[in-house]
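**Q** Got a structure for you, questions after.
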Amino acid sequence: MEKYNNNGCILIDDLNPTFLYTWKGTRDKARDEASFHSHNHLELAFILSGEGRYRFEDGIVCVKEGDVLIINPGVKHQALACPEAETPATEFFTGATDFHICGCPENALPVPDGGHVLHTDGELWQRLFKLYSAMEAEKAVCRQGRYFMLKAYLMQIILLVIREECRPLEQADGGALESVNKKNVVEQMVNYFEDHYSEKISLEQMAENMYLSPFYLSKIFKSETGDTPIRHLINIRLEKARERLAGGGAGSIQEVAASVGYDDAYHFSKLFKKRYGISPSQARKKA
C-alpha cells in the first residue's frame, strides 16, 4: 500500500475512529496539572482562548488561542501553571482511538516538524472553532445518534489537521482571502450595531452566531476599524441620543437613555458628558 503521493502528502485509505470523549475547561493559571502522564489513545486539545504552557519530555511549549495540541499515544505531557497569562487557557479536548493513518503509528497523527503544536489562524481557525462549538452543542443534548454526530465532527477535525500538515502554512492568496473574510465579519457587526443599538447586545452571542470567539471577534474588529466593538457601539448610541436631544421633545433623560440601550440614566449621562463635554440636560437646553 502506497503511503505517500508524489507531493509527500499522507494518503488516507480508511478513517473510522472510535470517539472517546470531549472535555471543555479553563485551566487554573496558578496550578500545575496533577501528573506528568500519557495515554494509549490520541488526544487533541484546541485552545479556544487565552494562553498556557505544557511540559513534554523534549521541553516546555507555550500555547495560545487557535493552537491545536497533538498529543499522540505514549507522549507524556502536563499542563503547567501560567501565572503571567493575562487570560488562562480555555481548552476543548477530544479523544480518539482505533484508527491508522498511513505512515503513522496506530492511533497517531503527523505532528508539525516533530513538535506538538499546530498553529492556526484565519479560515482554518474559524472552521475548527465551528466544529468544536458544534461538538459542545451536540454533547449538551440527549438526541438520537449523538455519538455518531460527535464522531462525524471528530473525523472532520482530524482531516483538517492532516490536510494542514500536507501543505505549506502560507498560501499565495491566503492573505487576500483572510482579509476579505475579516472585512465581511466587521461589516456584519457594524450593520448589526446600527440596526439594534437600542437593544441589549452581547458580544458573546454575536461571536457564537458567527462561530468565532469573543476575543478573536474583538481582535479583527479593532484591526479593521482601529476601535473595539464596545466602543464603536457606545459611539453609535451616544450619537443617536445626541440627535434625539437636539431635536427636542425626546422625553425624559431616562427615556432617552432607554431608547439607545441604557437602563441606567446615570451611567448614560456620564458617558454622554465624557464624549461631548456637556450633560444630556445641557445638550437639550442648548438645542
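**Q** As an exercise, identify the trypsin sites (Lys or Arg not before Pro) in region 98-170 lying in DSSP coil whose Cβ has no more than 15 other Cβ atoms within 10 Å.
**A** Working: sites: Arg127, Lys130, Lys139, Arg143, Arg146, Lys151, Arg163; in loops: Arg143.
The qualifying sites are Arg143.
**Q** Please give every one of the lysines within straight-line cross-link reach of Lys151, meaning a C-alpha to C-alpha distance under 29 Å, and leave out same-chain neighbours fewer than 8 residues apart.
**A** The qualifying lysines are Lys3, Lys24, Lys64, Lys76, Lys130, Lys139.
**Q** If you roll a 1.4 angstrom probe over the protein chains with everything in place, what fraction of the accessible area of region 21-155 belongs to carbon and sulfur, to the nearest %?
**A** 50 percent
**Q** Convert each backbone phi in region 28-35 into a coupling constant with the Karplus relation 6.51 cos²θ - 1.76 cosθ + 1.60 (shift: θ = phi - 60°), then list the ³J(HN,Hα) values in order as whole Hz, x for Gly and Pro.
**A** Coupling constants for region 28-35: 7, 6, 9, 9, 6, 4, 4, 9 Hz.
**Q** Same structure, new question: Given the chain, what percent of its DSSP beta bridges are antiparallel, to the nearest 5? Walk me through the numbers on the way to the answer.
**A** Numbers: 33 of 34 bridges.
Approximately 95 percent, going by the DSSP bridge assignments.
**Q** Given a cut-off of 18 Å, name the pairs among Lys183/Lys219; Lys200/Lys285; Lys200/Lys240; Lys240/Lys274 whose C-alpha atoms lie farther apart than that in the structure shown.
**A** Checking Cα-Cα distances, Lys200/Lys285 exceed 18 Å.
**Q** For region 211-278 and region 71-138, compute the distance between their C-alpha centroids and round to whole Å.
**A** 39 Å
**Q** Skip the ligands, DNA and RNA, and give the accessible area per residue of the chain with a 1.4 Å probe, whole Å².
**A** Details: 15710 Å² over 287 residues.
Accessible area per residue: 55 Å².
**Q** On to the next question. For Lys286, go through the aspartates and glutamates and keep the ones whose alpha-carbon is under 20 Å away, minus same-chain ones fewer than eight residues off.
**A** Glu239, Glu243, Glu255
**Q** Along the Cα→Cβ direction, 7 angstrom out, place labels at Lys200 and Ser218. What is the inter-label distance in nm?
**A** Taking the simple label geometry, Lys200 and Ser218 are separated by 2.0 nm.
**Q** Still on this structure, please answer the following. List the residues of region 24-55 whose backbone N lies under 17 Å from a point placed 7 Å from the Cα of Lys76 along the Cα-to-Cβ direction.
**A** Label zone hits: 33-41, 54-55.
**Q** Take the chain, mark every one of the GluC sites (Glu not before Pro) that falls in a DSSP loop and has at most 11 other Cβ within 10 Å, then report the longest stretch left between them, sites excluded.
**A** 200-287
**Q** Report, in deg cm²/dmol and to the nearest 500, the calculated mean residue ellipticity at 222 nm for the chain, where each DSSP H run with n ≥ 4 adds -39500 (n - 2.57) and the sum is divided by the residue count.
**A** Mean residue ellipticity at 222 nm (helix-derived): -14000 deg cm²/dmol.
**Q** When the scattering of region 32-146 is computed by the Debye formula from its Cα atoms alone, each counted once and equally, what is log10 I(q)/I(0) at q = 0.17 Å⁻¹?
**A** Rounded to two decimals, the profile gives -0.93.
**Q** Next question. Between Asp32 and Glu123, what is 0.36 nm times their sequence separation minus the Cα-Cα distance? Round to one decimal in nm.
**A** So the chain would gain 29.5 nm between Asp32 and Glu123.
The values are calculated or read from the model by the stated rules, or taken from the named source; none is laboratory data. These numbers were taken from a predicted model, which means no experiment stands behind them. All Cβ positions, even for glycine, are placed from backbone atoms using ideal geometry, and neighbour counts span all protein chains on display. The accessibility values were calculated without ligands, DNA or RNA, using every heavy atom of the protein model including side chains. Shrake-Rupley method; radii C 1.70, N 1.55, O 1.52, S 1.80 Å.
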